[in-house]
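The values are calculated or read from the model by the stated rules, or taken from the named source; none is laboratory data. Because the structure is a prediction, the values reported are computed rather than measured. Note that each Cβ is placed from the backbone with ideal geometry, even for glycine, and that neighbours are counted across all protein chains shown. Accessible surface is based on the protein model in full, side chains and every heavy atom, while ligands, DNA and RNA are left aside. Shrake-Rupley method; radii C 1.70, N 1.55, O 1.52, S 1.80 Å.
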Amino acid sequence: MNYANMSESEYCNIVIKRIKEYMDKNDIKQLDLARESNINQSTLSKIINGETKLTLQHIFRICNALKIDPEVLLSFDQEIVTNNMSQIDTGIVNKRYLDEQILIRATTHPAFKGYVGNEFYIYFYSTISTETSLLEGKLLLEDTEYHNYCKATLTLFTGQKDSKNEDVKKTYYGELIISLTMGACYCLLINSEIGEICSINFKHAFLFNQRLISRVCTVNSTSSGGNRLPIMQRALITETRLEAVHPNDKDFQFVRGQLRLNETAIFTPKDIIDELINSTDDKTSKELKDFFQSAKKMREQMDCDVFDETKIRSINSSSNVKSQGISMLRNKSISLKYNKISTKTEEFVYQYIDGKRQEINSEI
């Protein structure tokens, strides 16, 4: 660009254009910039619309608020401008792919109340089939300086120790996006060190003055071990830390049961209900044993026992006993802990598709 014959007003228009491009590219609202720069919003609006003269003081305040060097706005060197146009952290999803009326990112939206600023514990099955323990982690949801997105940080404790006998952790960074039409929260996360992207999805609810207590969610990721297979599983996020990692922990059986991929019908090995009845000792309430006795009368027997959860929920027991009993039944069910896309599946699908392809090519 030739600046030699440029007028003062033309140069000011270029600087203003750069300010607007920077705000648009980094999803910064005019109200946020006015607050951070300590420039009256009406004045800032006139500056951006070219109705008020842009001063050196304005440039200083705007650059300070945007945390960029003045040369990004003022330089005659377009390469300097281009290379510095994305300095603000804007999250992992570019806004041009999102309709902000449907997929919400701005934390000022009421949909984020009760979610932002909270830390949750998360529990799910290890994807190593020989592991009996559950994995525990922490999910932190934080606001960002310009309220343009909700920062998510997942710290996962692998259960392993390093050479210094310290816990081995994996850390994922990303953001929480809310879909109002789907009534869903999508937490997209990246661990750049190991090259993994995963997502945590759970049901959204407007909380307003309340806090999110817990959610059962799905996790899409990649399995551990040598095969590294795509995997989908359930997880539990909770504001309260549970004792649910090791088999002897008091919350372990309950959480494990809820993480199975059960539906309404709970399929268990034959006569597992008798095992549960007989294993109920003095430390467990008599009401729980009575619950299992009532459930036994409602079971359907095929090659396995089938308990319709909608029916056994009608048993005249306290809600705590029903929750505990159903979780214990779920834990004994033959339902999967997770669902991997195995190499055999890939092979069989490939063979089928390849056969179809050859069939079509032979007809041409």
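Figure legend. Inter-residue proximity from region 159-185: first residues under 22 Å from Val245 (Cβ atoms), second residues open to solvent by 70 Å² or more (accessible area, probe 1.4 Å) and of a type in the set (Lys, Arg), beta-carbon distance below 8 Å, spacing 6+ or different chains. Indicated pairs: Asp167/Lys161; Val168/Lys161.
Does region 239-249 contain any residue that is out of contact with any helix residue (DSSP H, G or I) (no Cβ under 7 Å at 6 or more places or on another chain), more than 30 Å from Ile194 (Cα to Cα), of a type outside the set (Asp, Glu) and modelled with pLDDT under 90? Scanning region 239-249 turns up no residue that is out of contact with any helix residue (DSSP H, G or I) (no Cβ under 7 Å at 6 or more places or on another chain), more than 30 Å from Ile194 (Cα to Cα), of a type outside the set (Asp, Glu) and modelled with pLDDT under 90. Given the structure, is Ser133 of a type in the set (Gly, Ala, Ser), under 28 Å from the mean Cα position of the chain (by Cα), under 30 Å from Arg228 (Cα atoms) and modelled with pLDDT of 90 or more? Yes: the conditions hold for Ser133.
In region 202-215, the count of residues that are surrounded by 14 or more Cβ atoms within 10 Å (Cβ to Cβ), within 30 Å of Asn26 (Cβ to Cβ) and under 13 Å from the mean Cα position of the chain (by Cα) is one or more. Of the helices (runs of 4 or more DSSP H) that lie entirely inside region 1-117, those containing 1 or more residues that are open to solvent by 50 Å² or more (accessible area, probe 1.4 Å), modelled with pLDDT of 85 or more and in contact with a helix residue (DSSP H, G or I) (Cβ under 9 Å, 6 or more places away or on another chain) span 8-25, 30-37, 41-48, 56-66. Looking at region 318-351, which of its residues are among the hydroxyl-bearing types (Ser, Thr, Tyr), at pLDDT 85 or above and either under 17 Å from Asp251 (Cβ atoms) or surrounded by fewer than 12 Cβ atoms within 10 Å (Cβ to Cβ) (or both)? Hits for region 318-351 are Ser319, Ser323, Ser327. Would you call Asp290 out of contact with any strand residue (DSSP E or B) (no Cβ under 9 Å at 6 or more places or on another chain), open to solvent by 50 Å² or more (accessible area, probe 1.4 Å), at pLDDT 90 or above and over 21 Å from Leu336 (Cβ atoms)? Spelling it out, Asp290 is indeed out of contact with any strand residue (DSSP E or B) (no Cβ under 9 Å at 6 or more places or on another chain), open to solvent by 50 Å² or more (accessible area, probe 1.4 Å), at pLDDT 90 or above and over 21 Å from Leu336 (Cβ atoms).
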